[in-house]
Amino acid sequence: MTGPALLMRDEDLPARLGPRDVLKVGGAGLRARPLRVFLSALGIAIGIAAMIGVVGISTSSRAQLQATLDRLGTNLLTVAPGQDFFGSDAKLPKDSVGMIGRIPDVTAASATGKVPDTKVYRNDRIPEGESGGISVQAARLDLPGTIGLSMATGSWLNAGTGRYPAVVLGSAAAERLGVAQPNQQVWLGSQWFTVVGILSSNPLAPELDSAALVGWEAAASRLGFDGHPTTIYSRADKHAIESVRALLAETANPQAPNEIKVSQPSDALAAENAADTAFTGLLLGLGGVALLVGGVGVANTMVISVLERRAEIGLRRSLGATRGQIRLQFLTESQMLAALGGVGGVGLGIVVTAVFAVSQGWPTVVPPWAMAGGVGATLVIGAIAGLYPAIRAARLAPTEALGTI
């Protein structure tokens with residue numbers, strides 16, 4: 001045969017499919033089975049929504065924590081007595097607050113002192129054993145400015161009320177006593193004290209939430225307080241926290257610095273955040289399992305689709321469609337199915353995050369990488385899930401496929 005006879009004419013070549021044609025052919029299979037497509041996409045969406053929700057809620061929680069720390073500051077250090085050589089409870093010197101306040105990089109120092117054997121009740125008819133676990137603490141007047149306390153209602157102690165039977169309740173203490181407003185009286189230390197204020201909760205000093213705070217002078221004159229502080233709160237320059245921390249024990253009790261405990265309350269919040277991060281990793285693993293289950297659903301849908309559409313595949317093959325075009329059709333279909341579930345899952349995850357964050361009073365934060373990663377993960381899952389059905393469809397011979405008609 002001559003050379004020209006060996007050449008194929010243009011009309012003998014298989015038609016090329018453009019991107020729009022590929023999407024149209026791939027979408028046709030999805031539109032023909034809407035219920036099955038919805039259920040398969042739902043499996044993917046649940047997995048992605050779980051991952052987005054976990055990441056979004058944990059990120060929103062961390063954003064709220066960071067905002068709280070920025071507002072309250074991470075430069076708060078506390079000093080408390082430990083135990084002496086014989087295992088007995090040690091005591092801080094009475095002048096330890098003043099000594100700590102003279103450290104050059106300390107900007108503020110205040111203290112509370114536990115009043116032993118003193119309980120507080122709603123009235124004088126409550127049985128002695130039902131104190132509600134509320135501690136009575138003597139408090140210095142400059143305590144709110146040092147810690148960053150705020151009042152939920154009423155006012156803090158002042159130079160006048162600090163000498164008389166007046167008390168400020170922590171948020172939990174007020175709730176247990178059933179006190180919602182100031183100017184009510186409580187039975188404290190076998191005498192009546194007037195509530196002048198109720199504190200808002202403070203993450204850096206949670207021990208004050210369940211405390212009844214009276215003035216330092218009133219505690220000494222009316223409740224037998226010995227004047228020894230039990231917790232000293234100090235603020236240090238943020239650039240000198242470690243150096244101040246190293247000096248606090250020796251300054252608070254030069255005679256026995258080994259009996260002093262120094263801590264940084266923000267460290268506890270950071271540890272709590274680290275625990276939340278570890279828990280987030282666990283939940284992400286569960287979300288990944290849900291995503292895998294959704295991928296299996298996509299694969300199952302595509303395999304069934306190939307079996308049901310053998311006649312269609314045979315007809316397309318007999319009309320000139322190549323194996324590559326058949327593979328591309330079913331891969332596109334699985335990718336579109338997965339993308340549908342991915343986009344829906346990202347949207348659902350954002351809604352879940354927003355609802356939970358708003359209910360908690362947190363800022364709503366969903367990292368862009370999480371949204372992009374969610375959609376990307378679904379595309380990978382769709383490609384893997386659709387690969388085998390696509391290859392199987394392409395291998396069908398036209399005569400075999402048309403024989404099913």
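The values are calculated or read from the model by the stated rules, or taken from the named source; none is laboratory data. Just so you know, these numbers come straight off a predicted model, no measurement behind them. A quick note on method: Cβ atoms are made from the backbone with ideal geometry, for glycine too, and the neighbour counts reach across all protein chains shown. The accessibility values were calculated without ligands, DNA or RNA, using every heavy atom of the protein model including side chains. Shrake-Rupley method; radii C 1.70, N 1.55, O 1.52, S 1.80 Å.
What to note about this one:
- Of the listed requirements (1) surrounded by 17 or more Cβ atoms within 10 Å (Cβ to Cβ); (2) at pLDDT below 85, residue 35 misses just one: (1).
- Across region 159-179, the qualifying residues are those that are without any contact (Cβ under 8 Å) to a residue 40 or more places away in the chain and within 30 Å of the chain's Cα centre (by Cα), and the one among them that is most open to solvent (accessible area, probe 1.4 Å) is 175.
- Among residues of region 120-136, those that are part of a loop (DSSP other than H, G, I, E, B) and touching a residue at least 40 places away in the same chain (Cβ under 8 Å), counted: 7
- Among the residues of region 375-389, those that are surrounded by fewer than 23 Cβ atoms within 10 Å (Cβ to Cβ) and at pLDDT below 80 comprise 387, 388.
- Candidate set from region 390-403 (those that are open to solvent by less than 70 Å² (accessible area, probe 1.4 Å) and in contact with a Gly (Cβ under 9 Å, 6 or more places away or on another chain)); member that is modelled with the lowest pLDDT: 401
- Some residue of region 101-109 being buried (at least 20 other Cβ atoms within 10 Å of the Cβ), modelled with pLDDT of 80 or more and part of a helix (DSSP H, G or I): no
Here's the yes/no breakdown for (1) over 20 Å from residue 218 (Cα atoms); (2) of a type in the set (A, V, I, L, M, F, W, C); (3) modelled with pLDDT under 95; (4) surrounded by fewer than 16 Cβ atoms within 10 Å (Cβ to Cβ):
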| position | (1), (2), (3), (4) |
| --- | --- |
| 122 | no, no, yes, no |
| 128 | yes, no, yes, yes |
| 145 | yes, no, yes, yes |
| 149 | yes, yes, yes, no |
| 157 | no, yes, no, no |
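- Qualifying positions in region 190-218 - buried (at least 21 other Cβ atoms within 10 Å of the Cβ) and closer than 20 Å to residue 128 by Cβ: 193, 211, 212, 214
- Residue within region 359-367 that is farther than 13 Å from residue 49 by Cα, in a helix (DSSP H, G or I), small (Gly, Ala, Ser) and touching a helix residue (DSSP H, G or I) at 6+ places or on another chain (Cβ under 9 Å) present: no
- Just one of the listed residues (3, 29) is crowded, with 17+ Cβ neighbours inside 10 Å, more than 30 Å from residue 205 (Cα to Cα), modelled with pLDDT under 75 and small (Gly, Ala, Ser), namely 29.
- Where a residue in region 245-261 is at pLDDT below 90 and its partner, wherever it lies, is among the acidic types (Asp, Glu), with Cβ under 6 Å and at least six apart: 257/250; 259/84
- When residues of region 65-123 are limited to those that are among the acidic types (Asp, Glu) and out of contact with any helix residue (DSSP H, G or I) (no Cβ under 8 Å at 6 or more places or on another chain), the one nearest to residue 258 (Cα to Cα): 89
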